[in-house]
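The values are calculated or read from the model by the stated rules, or taken from the named source; none is laboratory data. Predicted model only: the values in this text are computed from it and were never measured. Positions of Cβ are generated from backbone atoms using ideal geometry, with glycine treated the same way; all protein chains shown enter the neighbour counts. The area values use the complete protein model at the heavy-atom level, side chains included, leaving out ligands, DNA and RNA. Shrake-Rupley method; radii C 1.70, N 1.55, O 1.52, S 1.80 Å.
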Amino acid sequence: MKSFVKRTKNITVNNFLFHCVINEMPSRDFVSLRIYSSKTSFFEVNFSWKENWCINLHKPHMCALIIKYAIAHGWDYSQEKQQMTMDHADFLIAELGLEE
């Protein structure tokens with residue numbers, strides 16, 4: 001069952017610490033995962049509520065897959081003020097095998 005809250009977690013990928021914020025507030029039109037590499041650099045991915053039911057963004061390996069995808073697609077997490085947002089990212093569920 002979904003938790004409908006905003007939660008945070010830290011995860012290490014490629015020996016670099018990332019701070020993940022999962023926002024599942026029911027007042028929003030989508031579920032977002034924002035991954036910070038510093039105070040000013042982040043990658044944000046937004047999923048529809050319908051498609052989000054089949055994944056669990058709270059599992060570390062799910063966040064790691066999304067971080068690696070962001071890096072492979074141009075997010076330079078090691079630099080300041082590197083912000084990248086991906087709206088309507090439901091296609092990532094199949095592409096990265098995020099379904100449980």
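Sort the following peptides by mean Cβ neighbour count (other Cβ atoms within 10 Å, averaged over residues), highest first: 54-60, 35-41. Show your work: numbers first, answer last.
Values: 54-60: 15.0, 35-41: 16.7.
Top of the packing list down: 35-41, 54-60.
Express the accessible area of the chain per residue in Å², computed with a 1.4 Å probe while the remaining protein chains stay in the model. Write out the running numbers ahead of the final one.
On the way: 5760 Å² over 100 residues.
Here the per-residue accessible area is 58 Å².
What distance in nm separates the two pseudo spin-label positions at Glu80 and Asp29, each 7 Å out from Cα along the beta-carbon direction?
Label at Glu80, label at Asp29, 3.4 nm between them.
In nanometres, what is the gap between the two model label sites at His73 and Asp87, each 7 Å from Cα along Cα-to-Cβ?
1.5
Report, to two decimal places, the Cα Rg of the chain normalised by 2.2 N^0.38 Å (N = number of residues). Present the calculation step by step, with values, prior to reporting the outcome.
Values: Rg = 12.6 Å, N = 100, 2.2 N^0.38 = 12.7 Å.
Here the answer is 1.00, to two decimals.
Would you kindly derive the ³J(HN,Hα) couplings of the stretch 75-89 from the backbone phi angles with the Karplus curve 6.51 cos²θ - 1.76 cosθ + 1.60 (θ = phi - 60°), listing them in order in whole Hz, with x for Gly and Pro?
For the stretch 75-89, the Karplus-derived couplings read 7, 8, 5, 7, 9, 6, 6, 9, 10, 9, 10, 10, 7, 6, 9 Hz, x marking Gly and Pro.
What does the helix-only formula give at 222 nm for the chain: each DSSP H stretch with n ≥ 4 adding -39500 (n - 2.57), the total divided by the residues, and the result rounded to the nearest 500 deg cm²/dmol? Please list the in-between numbers first.
On the way: 3 runs with 22 residues, N = 100.
Estimated from H runs of four or more residues: -5500 deg cm²/dmol.
Just by accessible area at a 1.4 angstrom probe, what is the order of Arg7, Arg28 from largest to smallest? Each step should come with its number before you reach the end.
Details: Arg7 115, Arg28 75 Å².
Putting Arg7, Arg28 in descending order of accessible area: Arg7, Arg28.
In the chain, with Lys and Arg counted as +1 and Asp and Glu as -1 at Cβ, which of these residues, Met84, Leu96, Ser37, has the Cα nearest the positive end of the dipole, that is, farthest along it?
Comparing the listed Cα positions along the dipole, Ser37 ranks first.
How large is the charge dipole for the chain, taken about the Cα centre, if only the Cβ atoms of Lys, Arg (+1) and Asp, Glu (-1) carry charge, to the nearest 20 debye?
Working: 11 positive and 11 negative charges, 90 e Å.
Value, rounded to 20: 440 debye.
With all protein chains present, how much of the accessible area of the chain (probe radius 1.4 Å) comes from carbon and sulfur, to the nearest whole percent?
Values: 2950 of 5760 Å².
C and S fraction of accessible area: 51 percent.
Test of understanding: what is the full-extension gain from Lys59 to Arg7, defined as 0.36 nm times their sequence separation minus their Cα-Cα distance? Show your work: numbers first, answer last.
Working: separation 52, 0.36 × 52 = 18.72 nm, distance 1.19 nm.
Fully extending the segment from Lys59 to Arg7 adds 17.5 nm.
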